[in-house]
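Asker: One structure, as structure tokens, below. Some questions next.
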Amino acid sequence: MAKKICIFSSHYFPYLGGVESYTYNLAKGLMKKGDKVVIVTSNDMRLKAYEKVDGIPVFRMPCFNLLAGRFPVSKPNKEYIRLHQKLMQVSFDLVIVNTRFYLHSVYGICFARKQKTKCIVLDHGTSHMTIGNPFWDRVGSWYEHGITAAEKYLCKDFYGVSSDCCGWLSHFNITAKGTIYNAVDMDKMQALLQNPVKDFRKEYHIPDDGIVVTYTGRLLKEKGILNLIKAVTQYRGSQKLYLMIAGDGEELQQVQSQASDRVIPLGRLSFEGVTALLGQTDIYCLPTDYPEGFPTSVLEAAAAQCFIITTTRGGSKELILDDSYGMIMENNQTNTIKAALEDTADKTEYRKKAARRAKDRLLKNFTWEIIAEQVHNL
């Protein structure tokens with residue numbers, strides 16, 4: 001039986017990040033099952049207040065942009081009220097609220113209560129958010145505890161996108177109802193991998209025996225991108241390493257300043273471009289110290305059968321169970337990353353076997369067909 005589902009996500013495309021990809025792919029997965037899905041987000045990029053994007057109705061609520069757009073705050077003006085009234089004309093069967101940090105999340109919960117509709121809050125974090133300033137990080141943690149207390153009072157059903165996310169919810173005295181994992185659209189990726197839109201190795205003159213190390217995602221200091229660049233430039237192994245970096249963000253200029261024949265910043269790529277790049281990658285490295293839930297980039301790398309090096313942050317270790325699936329580093333320091341690259345760069349057969357095992361595990365547990373069925377049945 002088809003259902004009407006409303007997903008609240010404080011950020012959405014064209015803002016680029018894991019939560020945004022999760023929102024889009026979950027919506028598309030549910031629509032394949034015949035469900036009707038609406039996305040409600042913040043108009044942080046001053047786009048159309050309402051439009052259909054890839055067949056998905058998207059409502060963009062007015063907001064103030066704080067922290068360079070990383071923290072939109074609801075602006076309850078006449079436009080906001082108009083969009084709210086239009087939304088209320090639809091009777092939903094389920095409301096999904098992505099993340100706990102935003103006033104937009106509280107609005108989603110209150111919207112569900114107003115409609116007397118089942119609501120779930122889906123957490124994507126594994127620690128307090130950080131902006132790199134101890135004072136404001138402490139203020140941020142107080143704020144997070146306060147807004148989570150309000151949400152806990154208003155909604156009783158919390159889930160995480162990984163087991164680590166569920167564990168983090170216990171920090172707020174919340175017992176998660178279950179896990180709704182992050183996932184990939186395997187059919188779409190497979191089609192793109194078979195017909196890549198670009199040959200990155202040819203364009204950047206990578207020799208046949210060169211090892212391509214790739215990073216995709218937002219260029220944030222917390223994600224370890226600067227340490228990864230240092231590790232590659234300091235690498236002294238027998239193999240020739242080439243680091244390709246796809247993404248933009250706060251460290252874009254710093255990353256571009258490090259460009260060389262071995263460090264190749266590509267800027268922001270389309271999904272088709274990222275998939276083509278991953279299909280030509282030997283080692284995918286995400287040395288993150290960010291409060292990840294379950295990084296989409298790691299799942300996409302596994303789908304493209306890359307050998308994965310990442311950290312203990314978030315749900316990656318639920319895919320990379322041990323060294324037979326990839327490598328989990330204890331931290332993202334330059335020497336640790338360098339040692340991981342030196343330990344694996346010349347072990348071609350080990351890397352290929354581990355990448356196959358990670359892909360097999362992904363296909364059995366982390367596809368949108370599986371996750372959409374789980375959500376539909378809620």
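FYI, it's all coordinate maths here, none of it is from the lab. For clarity, every value in this text was computed on a predicted model and none was experimentally measured. Cβ: placed from backbone, ideal geometry, glycine included. Neighbour counts: every protein chain shown.
Asker: Select from GLN85, ALA302, GLY55 the residue farthest towards the positive end of the dipole of the chain; place +1 on Cβ of Lys and Arg, -1 on Cβ of Asp and Glu, and compute about the Cα centre.
Answerer: Ranked along the dipole, the leading option is GLN85.
Asker: A further question on this structure: Sum up the charges of everything whose Cβ sits under 12 Å from the Cβ of THR312, counting Lys and Arg as +1 and Asp and Glu as -1, but leave THR312 out.
Answerer: For residues surrounding THR312, the net value is -3.
Asker: While we're on this one: Where does each of VAL213, VAL184, VAL19 land when they are ranked from fewest to most other beta-carbon atoms within 10 angstrom?
Answerer: Neighbour counts put them in this order, fewest first: VAL19, VAL184, VAL213.
Asker: Using alpha carbon coordinates only, what is the Rg to Rh ratio of segment 4-180, with Rh defined as the Kirkwood radius? Walk me through the numbers before you get to the answer.
Answerer: Values: Rg = 15.5 Å, Rh = 16.5 Å.
Taking Rh as the inverse mean 1/r over Cα pairs, Rg/Rh reads 0.94.
Asker: What net charge is computed for the residues neighbouring TYR80, neighbours being all others with C-beta under 12 Å from the C-beta of TYR80, Lys and Arg scored +1, Asp and Glu -1?
Answerer: Summing Lys/Arg as +1 and Asp/Glu as -1 gives +4.
Asker: For a quick check, take a GNM of the chain with Cα springs below 10 Å and name the residue from GLN258, GLN89, GLN190 with the largest mean-square fluctuation.
Answerer: Most flexible of the set in this elastic network: GLN89.
Asker: Another question, then. What angle do you read, to the nearest 10 degrees and between 0 and 90, between the alpha-carbon axis of helix 78-88 and the longest principal axis of the chain?
Answerer: It works out to around 80 degrees.
Asker: Calculated FRET efficiency, LYS240 and LYS52, Cβ-Cβ r, R0 35 Å, to nearest 0.05?
Answerer: 0.15
Asker: To test your reading of the geometry: what angle, between 0 and 90 degrees and rounded to tens, separates the Cα axis of helix 225-234 from the longest principal axis of the chain?
Answerer: Tilt relative to the chain: about 0 degrees.
Asker: Consider all pairwise Cα distances in the chain and report the whole-number % of them above 32 Å.
Answerer: Looking at the chain, the distances longer than 32 Å represent 32 percent of pairs.
Asker: Follow-up question, since we're still on this one. Given LYS188/LYS353; LYS116/LYS188; LYS52/LYS317; LYS4/LYS317, which pairs have Cα atoms separated by over 29 Å?
Answerer: LYS116/LYS188; LYS52/LYS317; LYS4/LYS317
Asker: Once all Cα-Cα distances of segment 186-365 are split into 10 Å bins that start at 0, what whole-number percent is in each one?
Answerer: Per 10 Å bin, starting at 0, the Cα pair percentages come out as 10, 42, 40, 8, 0.
Asker: Now for a separate question. How long is the gain from SER324 to LEU66 if the chain were fully straight, where each residue apart is worth 0.36 nm and the alpha carbon distance is subtracted? Intermediate values should be presented prior to the final figure.
Answerer: Working: separation 258, 0.36 × 258 = 92.88 nm, distance 4.31 nm.
Going from the current span to full extension adds 88.6 nm.
Asker: A further question follows. If we count other beta carbons within 10 Å of each Cβ, what is the order of HIS145, HIS84, HIS104, fewest first?
Answerer: Listed from fewest to most nearby Cβ atoms, that is HIS145, HIS84, HIS104.
Asker: Let me ask another. In the chain, with Lys and Arg counted as +1 and Asp and Glu as -1 at Cβ, which of these residues, CYS165, PHE71, GLN254, has the Cα nearest the positive end of the dipole, that is, farthest along it?
Answerer: Toward the positive end, the furthest listed residue is PHE71.
Asker: So how tilted is helix 334-344 from the main axis of the chain? Cα-based, degrees 0 to 90, rounded to 10.
Answerer: The angle comes out at about 60 degrees.
Asker: Please compute the length gained on full extension between ARG138 and LYS352, using 0.36 nm multiplied by the number of residues separating them and subtracting their Cα-Cα distance.
Answerer: Stretched out fully, the ARG138 to LYS352 stretch lengthens by 72.7 nm.
Asker: Between LEU193, LEU66, LEU321, which gets the highest mean-square fluctuation from a Gaussian network model of the chain, Cα cutoff 10 Å?
Answerer: The residue that fluctuates most here is LEU66.
Asker: I would also like to ask the following. Which order results if SER9, SER324, SER127 are arranged by neighbouring Cβ count within 10 Å, fewest first? Walk me through the intermediate numbers first.
Answerer: Values: SER9 30, SER324 11, SER127 15.
Fewest-to-most Cβ neighbours within 10 Å comes out as SER324, SER127, SER9.
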